[in-house]
Amino acid sequence: MSGAAAARRWRGPAALIVGLLVLWQLLYLLAGEVALRTPAQTVAYTLSLVPQDAFWTHVEESATAFGAALAIAVASGLAIGLLLGFHRLSGDVGEPMLVAVYSIPKVTLYPIVLLAFGLGMPAKIAFGAIHGFVPIALFTINAVRNIRPILVKTGRVLRLGPIETATRILLPAALPEIFTGLRIGFALTLIGTLLGEMFASQRGLGYMLMNAIGLHNVDVIMSVTFLLIVFAAVVSSILLRIDRALHRRF
Amino acid sequence: MTRTGNRIALLRIAVLAAAVGLLEVLCRTGVIDNFTMPPPSRIVRDLAAILASGTLMPAILKTLGNAATAFVLAVSVGVTAAVLIHAFRGLREALDPLFATYYAIPVLAFYPLLIILFGLGDVPQIVIAFMLGVVAVIVNTLNGLDRVPRVLLKTARIHRMTPLEIASRVTLPYAVPHVLTGVRLAIAYSLIGIVGSEFIMSKGGMGFEIAFAYMSFDNATMYPLILLILVVSITANLLLAAWERTLLARRGLR
């Protein structure tokens, strides 16, 4: 890519980041020391958290819950998506139900999840996974259904075995769509896990946030919010890049 | 609807009925104990009792009212913003990466900050619900505006319409089905925002009552309220989906 094109590609995100920082600083000037911190103060406080063990315990707790939730969401989402995608009738019956599940406010279900799994890690993982698996399943169904029949026919003409058909034709053809589902599933799983920690838990970054509200510790609130948002934005931008590259290839 | 379409719809209802029936049996036989979940028939009866007694009406009205406020704000601001963003290319380029990653950001993480800014009341909840919903409306409206055929724009120019007239009489009406997709999402998001923030910290509302009932093992209140929220959101969604279908059918698109 030429220098000018690269510059153009980064111009949008760069303008956005500068704009958000200016907005943040202005909000600080409006709301004052009681409610907010400046971007510089927030970054400084975030860096001061890094050497603290207590902070890492919370990070580890959240990371474990999120990792497990994501693994379950991806595995179950792919399994359900492949099943409903390849089996026409169950797909026709099941897909609208998944869409309905996608559009209900799932936060309301959290107390039920808590009753079923008990307070602690399993409930957080379950709640994260419930948020994440639906988009992964929905996108996988569409990916499988939209594989062009001519590709499969070509495979048959070339006398590919079932395994070779799967790895050389079906997977590459369905991958871009499935990846979009994974990207959205990643975001929703993160939101679900955090919600679980904010509503009822004793550890994790969500808990740290809630505890800080109780103590009116603006530094902690700003830093943890900042960290979570930077993490979510960076990872999902990278996933979006890969997503677009995959789509462009086909 | 075709015959196979009917059969599939029937199958779907059968699957749902079987699932609810299975839950009923599991609850009644004690496989799922009543501390975890009362039988579905019980939940429906409890809901009727709650609605008839009216003691929780203030909470229900508060939540639905706040959600409606956030929803109306999200839709009106979202559509207006989309029209403006559509008109300015530079703004669009700067905001596109925000829209693409927006729903990866846990917006509810801003709730603590908003409580500090506005105090513990309705305002931070409405702001959260608005923030969740507005971007879905903007993105889908933009998507619709992008698809307006050029011939319509040319016709508008021949008739010497002002930009305001073009937006209100040509481009927005054309984009309505796409806007409706955003509107449906905004319904779910405004409920998520209000109920979610009521769960986390609040002084009243359905989310508060559900959380309170959870803490005091009061399943006779918790489950009916959850059911009510689900019924409200599913009903609103189905109504809008039906409207969307008639709009598309009128244009011969489906």
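The values are calculated or read from the model by the stated rules, or taken from the named source; none is laboratory data. Values in this document were obtained by computation on a predicted structure and should not be read as measured data. So basically every Cβ, Gly included, is an ideal-geometry build from the backbone, and we count neighbours across all protein chains shown.
Across region A:220-250, the qualifying residues are those that are within 9 Å of chain B (Cβ to nearest Cβ) and over 27 Å from A:Glu177 (Cα atoms), and the one among them that is surrounded by the fewest Cβ atoms within 10 Å (Cβ to Cβ) is A:Thr225. For the list (1) surrounded by fewer than 20 Cβ atoms within 10 Å (Cβ to Cβ); (2) closer than 30 Å to B:Leu142 by Cβ, I need the number of the one condition that B:Ile192 fails. Result: B:Ile192 fails condition (1) only. If you go through region B:194-224 and keep only what is at the interface with another protein chain (Cβ under 7 Å from one of its Cβ atoms) and among the hydroxyl-bearing types (Ser, Thr, Tyr), you end up with just B:Tyr214.
Identify the residue in region A:195-219 that is among the hydrophobic types (A, V, I, L, M, F, W, C) and without any contact (Cβ under 8 Å) to a residue 24 or more places away in the chain and, among all such residues, is farthest from the other protein chains (Cβ to nearest Cβ).
Here the residue is A:Leu215.
Summed over region B:95-135, the residues that are more than 11 Å from chain A (Cβ to nearest Cβ) and within 16 Å of B:Ser76 (Cβ to Cβ) give a count of 7.
If you filter region B:61-116 down to residues that are under 23 Å from A:Gly206 (Cβ atoms) and aromatic (Phe, Trp, Tyr), you find that the one that is modelled with the lowest pLDDT is B:Tyr103.
Would you say A:Ala65 is away from every other protein chain (no Cβ under 11 Å), free of Cβ contacts under 8 Å to residues at least 12 places away in the same chain and within 20 Å of the chain's Cα centre (by Cα)? For A:Ala65, the condition - away from every other protein chain (no Cβ under 11 Å), free of Cβ contacts under 8 Å to residues at least 12 places away in the same chain and within 20 Å of the chain's Cα centre (by Cα) - is not met.
The residue that is farthest from A:Glu95 (Cα to Cα), among those in region B:23-36 that are surrounded by 11 or more Cβ atoms within 10 Å (Cβ to Cβ) and either modelled with pLDDT of 85 or more or away from chain A (no Cβ under 13 Å) (or both), is B:Arg28. Taking the criterion of being part of a helix (DSSP H, G or I) and within 14 Å of B:Ile60 (Cα to Cα), the residues of region B:200-210 that qualify are B:Met206, B:Gly207, B:Phe208, B:Glu209, B:Ile210.
Enumerate the helices (runs of 4 or more DSSP H) found wholly within region A:105-222, keeping only those where 2 or more residues are hydrophobic (A, V, I, L, M, F, W, C). Filter on region A:105-222 gives A:110-117, A:121-145, A:149-157, A:171-199, A:205-215.
Any residue at all in region B:167-185 that is within 10 Å of chain A (Cβ to nearest Cβ), part of a helix (DSSP H, G or I) and within 25 Å of A:Leu194 (Cβ to Cβ)? Scanning region B:167-185 turns up at least one residue that is within 10 Å of chain A (Cβ to nearest Cβ), part of a helix (DSSP H, G or I) and within 25 Å of A:Leu194 (Cβ to Cβ). Is it the case that some residue within region B:225-242 is more than 12 Å from every other protein chain (Cβ to nearest Cβ) and either assigned to a helix (DSSP H, G or I) or aliphatic (A, V, I, L, M) (or both)? Scanning region B:225-242, I find at least one residue that is more than 12 Å from every other protein chain (Cβ to nearest Cβ) and either assigned to a helix (DSSP H, G or I) or aliphatic (A, V, I, L, M) (or both), so the answer is yes. Residues considered: A:Ile184, A:Ile191, A:Ile178. Of these, the only one that is away from chain B (no Cβ under 14 Å), in contact (Cβ under 8 Å) with a residue 24 or more places away in the chain and under 30 Å from A:Ala232 (Cα atoms) is A:Ile178. Set side by side, the residues B:Leu114, B:Leu152 differ, and just one is assigned to a helix (DSSP H, G or I), surrounded by fewer than 18 Cβ atoms within 10 Å (Cβ to Cβ), over 19 Å from the mean Cα position of the chain (by Cα) and free of Cβ contacts under 8 Å to residues at least 40 places away in the same chain, which is B:Leu152.
A single entry from B:Ala70, B:Ala82 fulfils the requirement of being within 18 Å of B:Gly205 (Cβ to Cβ) and either hydrophobic (A, V, I, L, M, F, W, C) or crowded, with 19+ Cβ neighbours inside 10 Å (or both): B:Ala70. Looking across region B:28-47, the residues that are farther than 14 Å from B:Ala220 by Cα and among the hydrophobic types (A, V, I, L, M, F, W, C) come down to B:Val31, B:Ile32.
The selection criterion, being surrounded by fewer than 19 Cβ atoms within 10 Å (Cβ to Cβ), within 30 Å of A:Ala233 (Cβ to Cβ), within 19 Å of the chain's Cα centre (by Cα) and within 14 Å of another protein chain (Cβ to nearest Cβ), does not hold for A:Val107. On the basis of being of a type in the set (A, V, I, L, M, F, W, C) and closer than 28 Å to A:Met210 by Cβ, does A:Ala44 make the cut? Considered against the rule, which asks whether it is of a type in the set (A, V, I, L, M, F, W, C) and closer than 28 Å to A:Met210 by Cβ, A:Ala44 comes out as yes.
The residue list A:Ile130, A:Ile80 contains one member that is buried (at least 16 other Cβ atoms within 10 Å of the Cβ), farther than 27 Å from B:Ser197 by Cβ, out of contact with any Leu (no Cβ under 6 Å at 6 or more places or on another chain) and more than 10 Å from chain B (Cβ to nearest Cβ), which is A:Ile80.
If I filter region B:61-72 for residues that are of a type in the set (Val, Ile, Thr), without any contact (Cβ under 8 Å) to a residue 12 or more places away in the chain and either under 28 Å from A:Leu188 (Cβ atoms) or within 14 Å of chain A (Cβ to nearest Cβ) (or both), do I get at least one hit? Yes, region B:61-72 contains at least one residue that is of a type in the set (Val, Ile, Thr), without any contact (Cβ under 8 Å) to a residue 12 or more places away in the chain and either under 28 Å from A:Leu188 (Cβ atoms) or within 14 Å of chain A (Cβ to nearest Cβ) (or both).
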